[in-house]
1. Arrange Tyr5, Tyr79 by Cβ neighbour counts within 10 Å, fewest through most, would you?
2. Treat each spin label as a single point 7 Å out from the Cα along the C-beta direction, and report the Ser40 to Leu59 distance in nm.
3. Enumerate the whole-percent occupancy of each 10 Å bin, from 0 to the last occupied one, for all C-alpha pair distances of region 1-84.
Amino acid sequence: MVSAYGVEAPAILNNYALQLENMLDSAVAWGSQAKGLIESYAAFAVNEHSENLSYNEILTNPDVLSDYTLKFFGPEGPYPVYESEEELENFGYQTEAVDPYMGQFPAPPVAAAPQQPENFWGSFKQQMDIDPANAWRLLNQAQPQVVANKLLVME
């Protein structure tokens with residue numbers, strides 16, 4: 001082989017064999033990872049399917065829905081319903097009287113009246129500079145022709 005291919009032939013062949021082995025190892029690792037992902041997705045899909053069947057049963061069968069609702073709002077459920085004032089005093093969250101001054105809030109700002117087309121875009125820019133969250137109100141009040149003219153000019 002040395003006489004036919006030269007002195008470096010064994011080194012080239014060895015390098016080729018190492019590269020082939022590395023490629024095979026990476027393919028096996030990728031296959032193992034893909035197998036794990038596919039198996040976990042299959043378990044997830046089966047679980048979701050059975051959960052969807054349970055939801056469908058609850059929503060389409062009135063007896064099951066009634067039983068679920070009674071258990072949910074029953075004494076052992078997450079949101080129990082109390083039947084008397086004594087039960088309310090013993091269970092639940094502590095409540096306090098609401099401070100009457102805390103409930104007073106300023107009135108929301110009133111939107112400006114629709115403006116003429118030549119002044120509309122100036123006031124809209126001013127509103128965008130001052131309060132961009134409420135600028136949509138000016139657009140709602142604009143006549144359709146004003147916005148159409150602006151789009152025509154922009155094109």
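Derivation of every value follows stated rules applied to the coordinates shown; laboratory data play no part. All values derive from a computational prediction rather than experimental measurement. Glycine also receives a Cβ, built like all others from the backbone with ideal geometry; neighbour counts cover every protein chain displayed.
1. Neighbour counts put them in this order, fewest first: Tyr79, Tyr5.
2. It is 2.9 nm.
3. 14, 17, 15, 13, 11, 9, 8, 6, 6, 1, 0
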